[in-house]
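The values are calculated or read from the model by the stated rules, or taken from the named source; none is laboratory data. From a predicted model like this one, the values you see are computed outputs, not experimental measurements. Cβ placement follows ideal geometry from the backbone for every residue including glycine, while neighbour counts extend to all protein chains displayed.
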Amino acid sequence: MDSLTEREDDEPESSGAGPPCKPSPGLHLVATPIGNLGDVTLRALDLLRGVEAIACEDTRVTARLLARYGIETPTLAYHEHNATRMRPRLLARLSAGAALALVSDAGTPLISDPGYKLVRACLGENIAVSALPGANAALTALVLSGLPTDRFLFLGYLPPKSAARRQAITEVAAVRASLVLYESPQRLAASLADLAAVLGPRAAAVARELTKKFEEIRRDSLAALADHYAAAGPPKGEIVVVVAPPAAEALIADLSEVEQALQQALAEMSLRDAATAVAEATGWPRRKIYDLALTLTRGNDHGDQTS
């Protein structure tokens, strides 16, 4: 998904291996760096040296990674435009006992690329499939976003047209999970505006150039992010957007709204129960709500004494 851009201050790492061990027959899904070439795993390097061939989205992109680590394994192109023609050829080699690797231009194969059809075909013919985990842009952005990570939904790319995009957003609006999606720089501002229009004032993060020299994570409300990129213009690099789940909307809510909710809850229940109820209803941290409730009750007590 991401372009491979080498950081100037990165030094290559060696697997420390001698002659490559011959991998077991089958298809090996190999994650590659999403930007920083030093993020490739030692296991991935050993396997890429040992397989008979590497199927990749763009042989020119993969060639840069292979050259960095002195790997001379032959490559062949397998992408959405030639997959129908190339898939039977790969399956024939695999059925004959070959060990082949599948990589994407960057990141984990099958995430927003056509590799899943090859995997499905292999499984249908009882060809072994293994995965070598590694870098992934969606997960990297999620853990950097500062938004809930316990549940998330990966959306890939939203539709390019606004009407279809809003429909797609509406379909997942009620999902109680963080939303993770890829977007092009040119459509970023419009997509953020559509997200804000459908989802309301949710917190979000825009991550770009992940693991690269100019990595940037911008965190704000969807509307504020849409305004920023509309004014600043399309940013450089690959983009991942993370949107908070519905329960986290109040993380950017006005404090007065939370205080009002607390005042109403305190009139009907204990301080502890009121804090719990308001925290669950707004998405604010319970500790913060509890402290605010203490402040409000002390203020009310003081007012009663002086009246």
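Each residue in segment 16-74 was checked for being acidic (Asp, Glu) and closer than 14 Å to ALA131 by Cα, and 1 pass. The residues of segment 50-108 that are assigned to a loop (DSSP other than H, G, I, E, B), touching a helix residue (DSSP H, G or I) at 6+ places or on another chain (Cβ under 8 Å) and not acidic (Asp, Glu), listed by number, are TYR69, ILE71, THR73, TYR78, SER104, ALA106. Every condition in (1) surrounded by 17 or more Cβ atoms within 10 Å (Cβ to Cβ); (2) without any contact (Cβ under 8 Å) to a residue 40 or more places away in the chain; (3) touching a strand residue (DSSP E or B) at 6+ places or on another chain (Cβ under 9 Å) holds for VAL258 except the one numbered (3). Scanning segment 28-47 for residues that are hydrophobic (A, V, I, L, M, F, W, C) and over 25 Å from the mean Cα position of the chain (by Cα) turns up just one, LEU47. Report whether or not PRO114 is within 30 Å of ARG176 (Cα to Cα) and either assigned by TED's automatic domain parsing to the domain that holds LEU181 or more than 14 Å from the chain's Cα centre (by Cα) (or both). Here the answer is yes, as PRO114 does meet what is asked.
Residues in segment 223-248 that are in a helix (DSSP H, G or I), acidic (Asp, Glu) and crowded, with 19+ Cβ neighbours inside 10 Å: none. When VAL103 is tested against the conditions (1) more than 16 Å from the chain's Cα centre (by Cα); (2) surrounded by fewer than 22 Cβ atoms within 10 Å (Cβ to Cβ), the lone failure is (2). Looking only at residues of segment 110-131 that are modelled with pLDDT under 95 and not acidic (Asp, Glu), we find that the one that is nearest to HIS79 (Cα to Cα) is PRO114.
Among the residues of segment 178-202, what is the count of those that are at pLDDT 95 or above and either on the phi > 0 side of the Ramachandran plot or out of contact with any His (no Cβ under 9 Å at 6 or more places or on another chain) (or both)? Show your work before the answer.
Taking segment 178-202 first, the residues at pLDDT 95 or above are 178-195.
Filter again for either on the phi > 0 side of the Ramachandran plot or out of contact with any His (no Cβ under 9 Å at 6 or more places or on another chain) (or both), leaving 178-188, 190-191, 193-195.
Of the residues in segment 178-202, 16 are at pLDDT 95 or above and either on the phi > 0 side of the Ramachandran plot or out of contact with any His (no Cβ under 9 Å at 6 or more places or on another chain) (or both).
Scanning segment 129-146 for residues that are over 12 Å from the mean Cα position of the chain (by Cα) and surrounded by 13 or more Cβ atoms within 10 Å (Cβ to Cβ) yields a total of 6. Here segment 150-177 is the region considered, the condition is being of a type in the set (Ser, Thr, Tyr) and out of contact with any strand residue (DSSP E or B) (no Cβ under 7 Å at 6 or more places or on another chain), and the residue that is surrounded by the most Cβ atoms within 10 Å (Cβ to Cβ) is SER162.
This table checks each residue for (1) more than 19 Å from PRO23 (Cα to Cα); (2) hydroxyl-bearing (Ser, Thr, Tyr); (3) in contact (Cβ under 8 Å) with a residue 60 or more places away in the chain.
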| position | (1), (2), (3) |
| --- | --- |
| ASP46 | no, no, no |
| ILE54 | no, no, no |
| THR62 | yes, yes, no |
| HIS79 | yes, no, no |
| ALA99 | no, no, yes |
| GLY107 | yes, no, yes |
| GLY115 | yes, no, yes |
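The residue list GLY50, GLY16 contains one member that is out of contact with any Asp or Glu (no Cβ under 7 Å at 6 or more places or on another chain) and modelled with pLDDT under 95, which is GLY16. Which members of segment 245-267 meet the condition of being acidic (Asp, Glu) and modelled with pLDDT of 80 or more? Once the filter is applied, which keeps residues that are acidic (Asp, Glu) and modelled with pLDDT of 80 or more, segment 245-267 yields only GLU259.
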